[in-house]
Each structure stands twice: as C-alpha cells, then as structure tokens.
Amino acid sequence: MAHEETSGANVDIWHHLVLTRFKQGTSDVKKWPDNKIRQLEEALQLFDPVLLAITSRTEGDRGGLIATFVSNASIVPDCPRLMVGIARQHHTWSLIENSNSCAVHLLGRHQLDWVWKLGTRTGKQVDKLADFDLTHWVTGAPVLSEAIAAFDCQVEARFDTGDRTIYLLEVLEARKMKDELALRFSDLWKVADQEQRSLLNRLLQQDQQLDRAAICRWRGQRREHRQEQHRRPG
Ligand SMILES: Cc1cc2nc3c(=O)[nH]c(=O)nc-3n(C[C@H](O)[C@H](O)[C@H](O)COP(=O)(O)O)c2cc1C
C-alpha cells in the first residue's frame, strides 16, 4: 500500500461526504451554497471518528462491517450501553435485525486491512469472517479475537431514521484485549493510495444516493403523518 501524506488529508472524502449529499439534490433536500458546505466540511472533519468493526450472526449466516456511527451511550458502569447506526441496505443490518445482537470492536492502528475486508464489500454472498480468529461470549455474536477491545451486545431499542436504524445496545460483556491506540479515519485516509481513496469515495457516493432517497421518503412520511394528526377533529 502506497503511503501518501497530504495536507488536509481528509478533504476529498469530506468533499464527497458533504457536497454530493447536497448537489445531487432531490426536491426535498435544500441546496446549500458552497461556502456554507465548506464550513460544514471543516466542522465535520474535527470529528475524526474511530473506526469500529460490527459483527453479528443468525442460525446459518454471519458477517460484519466497518462503522463510524458508534458511541458510548451510558455513564453508568453497571448499565453499559452503546449506540450504533447501521444502514438498512447492509447485510449486517439484516443479521442484527434477526439476531437482536452484535459485537462491536475497536481496531488497532495496524489493522487497516480489516477496513478493506469488512468495509468495502458486502457479505451477502461471501463469508467475510472466514479469515478471522473468532470467539463467542454471551450473545453468540462473533467476537474478533484480535481486536484491541470488544463489546458483546444485545439490542435494547431501535429507532428507524429512514436510511439507517439506530440501535441502542445493552453491553453484556466488554474487554480490552490489547494496549494499542484505536484506528481513526484520518489514519486510514493517510495511508490509502489513490486507488483505495477512489474506491472509498465511490462506495460512499453509492450509499449517499440510497441514504438521500430513504431520508427524503422518511421525512415525507412523517410530514404526512403530522398533517393527518393535525386534520383529525378534537
Ligand atoms: C470508513 C467507513 C465507515 C463506515 N461507517 C459506516 C457506518 O457507520 N454505518 C454503516 O451502516 N455503514 C458504514 N460503512 C459502510 C459499511 O462498512 C460497508 O458498506 C460494508 O461493506 C457493508 O457490509 P455488509 O453488507 O456485509 O453488512 C462504513 C464504511 C467505511 C469504509
């Protein structure tokens, strides 16, 4: 893999993240002027999210993906919770929907290959976990033994936002397995060569188109629902 250091390393992908979201437009999406989008890009870059691997399995199927939409969702040590957002078109989404459980993993900085294995192709036809050393804890979700930390979780609640489902997860078991720094998006972008950046951008744009349509549909349905309630007498 070619190592390429550029100033403003994340600019390309954030450019796509934000610009394409607004420019491909639908009647439901307000067009933002470029200067406002620039400001949004700069603000979003500060997130520099940690990359996580989320795995799940059902009776005869298993899989996983890479996610940045993950957060600690509890400050109570004996009521631990995480929150994750999984797009409905992903194979892993249907595994979580059917099993009501998943494992959430932090990757070490050297585990960049996991991003390409889990985050750039779907597991609908292939077993993406075949190469991984797996173990199982409480829920039966596949735990990646080589991760730097893992959380075995069951779904406590779900919220449909149109493009993705936001899962509130109850953590049943959690372990730090290695004393390493977690992999962040900027680490990935710095070492990705031109071909890999193009791949990430292309996949992102595909997902954005699906997400945009789903968000607009969802907003339309909510608007109709609110209007319907407003029209009801009493
Ligand atoms: C850096 C990066 C971050 C991602 N973040 C998310 C995310 O937060 N939620 C999500 O649903 N997909 C996310 N994805 C997309 C999935 O990981 C990707 O589409 C995966 O191939 C889906 O696999 P599946 O169909 O086997 O579940 C991300 C991908 C990358 C490369």
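The values are calculated or read from the model by the stated rules, or taken from the named source; none is laboratory data. It should be emphasised that the depicted structure is a prediction, and the values quoted were computed from it without experimental measurement. Using ideal geometry, Cβ is built from the backbone for each residue, glycine included, and neighbour counts are taken over all protein chains shown.
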**Request:** Output the residue which, of all residues in region 93-137 that are touching a Ser or Thr at 6+ places or on another chain (Cβ under 6 Å) and touching a residue at least 12 places away in the same chain (Cβ under 8 Å), is farthest from the ligand (Cβ to nearest atom).
**Result:** D133
**Subset of region 152-173 [under 27 Å from G220 (Cα atoms) and assigned to a strand (DSSP E or B)]** = A157, R158, F159, D160, R164, T165, I166, Y167, L168
**Request:** Report whether or not D113 is at pLDDT 95 or above, of a type in the set (D, E) and buried (at least 17 other Cβ atoms within 10 Å of the Cβ).
**Result:** no
**Request:** Spot the failing condition for L44; the list is (1) modelled with pLDDT of 95 or more; (2) within 27 Å of Q111 (Cβ to Cβ); (3) outside any loop (DSSP other than H, G, I, E, B), and only one is missed.
**Result:** (1)
**Fill in**
Flagged in region 174-201 as under 20 Å from L44 (Cβ atoms), part of a helix (DSSP H, G or I) and charged (D, E, K, R), in numbering order, are D187, K190, R197
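Please go through region 77-88 and pick out each residue that is more than 18 Å from D163 (Cα to Cα) and in a strand (DSSP E or B).
Those that are more than 18 Å from D163 (Cα to Cα) and in a strand (DSSP E or B): R81, L82.
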**Item:** Total residues in region 125-135, condition of a type in the set (K, R) and either over 17 Å from the mean Cα position of the chain (by Cα) or not assigned by TED's automatic domain parsing to the domain that holds R57 (or both)
**Value:** 0
**Asked** Taking region 48-76 only, how many residues are within 16 Å of the ligand (Cβ to nearest atom), at pLDDT 95 or above, surrounded by fewer than 22 Cβ atoms within 10 Å (Cβ to Cβ) and not in a strand (DSSP E or B)?
**Response** 5
